[in-house]
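To keep things clear, I will list the structure first and then write my remarks on it.
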Amino acid sequence: FAITWIDTGPERFPSAIPAGVTMLPAADPALLVAHAPKAAEHVILTYSHALDLELCNRLLRHGFAALGLIGSATKAARFRARLHDLGHLPQNVARIACPIGDKRLGKHPQAIALGVATALLKRVENSNRGEMAG
């Protein structure tokens, strides 16, 4: 994976950046959506419901391959209603995976990260199988 980690707090970036990861500090991450490849997969993990909503809104207008949002079932329902109010069709909003991860693993950040990583790896595996079959 080529990962771009966008964060409003540059102090959150580690001193050693892993290979394949680009750190991108941004005061307003929503402004960067216009530069994202339409085939990108996004995971939204912010501290702000308002920023989460704006990122989802802009990504729905921009296009994406996959979009996951950290949150509860309650947050997902609230966002579906708000995104509908912003003019998004239900079938498009339904493409947002929220909550992310695997509920069986729990709600701790490490468990969510493991569930998201597993889902991404499965998607790559399934994609590779499809390429070989075609």
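The values are calculated or read from the model by the stated rules, or taken from the named source; none is laboratory data. In this text the structure is predicted, and so the values were computed from the model without any measurement. Neighbour counts run over all protein chains shown; Cβ positions are idealised from the backbone, glycine included. Side chains are part of the model used for accessible areas, which takes the heavy atoms of the whole protein and leaves out ligands, DNA and RNA. Shrake-Rupley method; radii C 1.70, N 1.55, O 1.52, S 1.80 Å.
Okay, here's what the table says:
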| read-out | value |
| --- | --- |
| Residue list for the range 41-55, restricted to those being within 17 Å of GLY68 (Cβ to Cβ) and part of a helix (DSSP H, G or I) | HIS49, LEU51, ASP52, LEU53, GLU54, LEU55 |
| Odd one out for ARG123, checked against (1) over 29 Å from GLU11 (Cβ atoms); (2) in contact (Cβ under 8 Å) with a residue 40 or more places away in the chain; (3) open to solvent by less than 50 Å² (accessible area, probe 1.4 Å) | (3) |
| Among the residues listed as LYS107, LYS38, the single one being closer than 30 Å to ASN128 by Cβ, of a type in the set (D, E, K, R), open to solvent by 70 Å² or more (accessible area, probe 1.4 Å) and part of a loop (DSSP other than H, G, I, E, B) | LYS38 |
| The range 107-134: number of residues that are in contact with a Gly (Cβ under 9 Å, 6 or more places away or on another chain) and among the small types (Gly, Ala, Ser) | 4 |
| Qualifying positions in the range 18-35 - outside any helix (DSSP H, G or I) and not polar (S, T, N, Q) | PRO18, ALA19, GLY20, VAL21, MET23, LEU24, PRO25, ALA26, ALA27, ASP28 |
| Unmet criterion (only one of (1) at pLDDT 95 or above; (2) of a type outside the set (S, T, N, Q); (3) within 12 Å of the chain's Cα centre (by Cα)) for MET23 | (3) |
| Given (1) surrounded by fewer than 13 Cβ atoms within 10 Å (Cβ to Cβ); (2) out of contact with any His (no Cβ under 9 Å at 6 or more places or on another chain); (3) assigned to a helix (DSSP H, G or I), index of the condition SER15 fails | (3) |
| Hey, ALA30 loosely packed, with under 10 Cβ neighbours inside 10 Å and aliphatic (A, V, I, L, M) or not | no |
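The rows are residues; the columns are (1) surrounded by 13 or more Cβ atoms within 10 Å (Cβ to Cβ); (2) modelled with pLDDT under 95; (3) over 23 Å from ALA119 (Cα atoms).
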| site | (1), (2), (3) |
| --- | --- |
| LEU53 | yes, no, no |
| ALA76 | yes, no, no |
| HIS84 | yes, no, yes |
| GLY101 | yes, yes, no |
